[in-house]
Amino acid sequence: DAGITQSPRHKVTETGTPVTLRCHQTENHRYMYWYRQDPGHGLRLIHYSYGVKDTDKGEVSDGYSVSRSKTEDFLLTLESATSSQTSVYFCAISVGTGEWGEQYFGPGTRLTVT
Amino acid sequence: TQLLEQSPQFLSIQEGENLTVYCNSSSVFSSLQWYRQEPGEGPVLLVTVVTGGEVKKLKRLTFQFGDARKDSSLHITAAQPGDTGLYLCAGAGAGGTSYGKLTFGQGTILTVHP
């Protein structure tokens, strides 16, 4: 257990509304990641963070923004949700220096945009 | 962009059979991880392989990293219904500052029938 929690676990929202997902870790790991998981696509990286206020884009970042004001919290925001953003969202941390990329995942947030 | 091709996408077998899942790329990875995911949960790390030609065993599961560090395989001996799940391979980029980022394969959904 890497001490990762995600909130909310489930959310239904309407197209055009803003949505923020929260990832919280208890072990002060430097690297954090947000992924989305869709059938047939495995896990795709949205954004990642390598320290407080240090973030960068992943392969599917359009329509998403992130913030990390504290080591333990990494927030993912959908500024104006669209139906294509219906997905399961996972947060992950990388242990140690991150060199070997061993990641540990939270339980996920299932987001439905209607 | 580094890509990982995972095959097969679906695998349905009877209890007691053996199976192999493949993960292939044209890119070199510094390490490769295998994860298992059950419905409604986040992926769980099974193993990390870092040396070309490396073989690791985890009970009935055998993981191999290709000599050129471009491919990997997961072999399960005498599969059991408890092995049912989604298996994901993921590679950590070679060279430079990767911030521990992983590239995931599309996943293999394994169903083992009693």
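With only alpha-carbon atoms counted, please give the Rg and Dmax of chain B, in Å.
Reported Rg and Dmax, both Å: 13.7, 47.
Could you check the spin-label model distance between B:Ile13 and B:Ile109? Points 7 Å from the Cα along Cα→Cβ, value in nm.
Result for the modelled spin labels: 1.8 nm.
Give the order of A:Thr77, B:Thr51, A:Thr109 when sorted by the count of other beta carbons within 10 angstrom, beginning with the fewest. Don't skip to the end; give the middle numbers.
Details: A:Thr77 15, B:Thr51 10, A:Thr109 23.
The order, fewest Cβ neighbours first, is B:Thr51, A:Thr77, A:Thr109.
Can you list the HN-Hα couplings for segment B:81-88, worked out from phi with the Karplus curve (6.51, -1.76, 1.60; θ = phi - 60°), rounded to whole Hz and with x for Gly and Pro?
Whole-Hz 3J(HN,Hα) from phi for segment B:81-88: x, x, 7, 4, x, 9, 10, 10.
Using R₀ = 22 Å, calculate the FRET efficiency as 1/(1 + (r/R₀)^6) where r is the Cβ-Cβ separation of B:Lys56 and A:Glu27; round to 0.05.
The pair B:Lys56/A:Glu27 has a calculated efficiency of 0.30.
Applying 1/(1 + (r/R0)^6) with R0 = 22 Å to the Cβ-Cβ distance of B:Asp67 and B:Glu5, what FRET efficiency is obtained, to the nearest 0.05?
0.75
May I ask you to evaluate 6.51 cos²θ - 1.76 cosθ + 1.60, the Karplus curve with θ = phi - 60°, for each residue of segment A:68-76 and list the ³J(HN,Hα) values in order in whole Hz, giving x for glycine and proline?
Using θ = phi - 60°, the values come out as 9, 8, 9, 4, 7, 10, 10, 9, 10 Hz.
Contour minus end-to-end for A:Thr71 and A:Thr13, with contour as 0.36 nm per residue of separation and end-to-end as the Cα-Cα distance?
Working it through step by step, the gained length comes to 18.1 nm.
Which value does Rg/Rh take for the protein assembly as shown over its C-alpha atoms, Rh per Kirkwood? Each step should come with its number before you reach the end.
Numbers: Rg = 17.5 Å, Rh = 18.0 Å.
Dividing the radius of gyration by the Kirkwood radius yields 0.97.
Since every read-out is calculated from the coordinates, none of them should be taken as a lab result. Model, not experiment: these values are computed from the prediction. In this analysis, Cβ positions are derived from the backbone assuming ideal geometry, glycine residues included, and neighbour counts consider all displayed protein chains.
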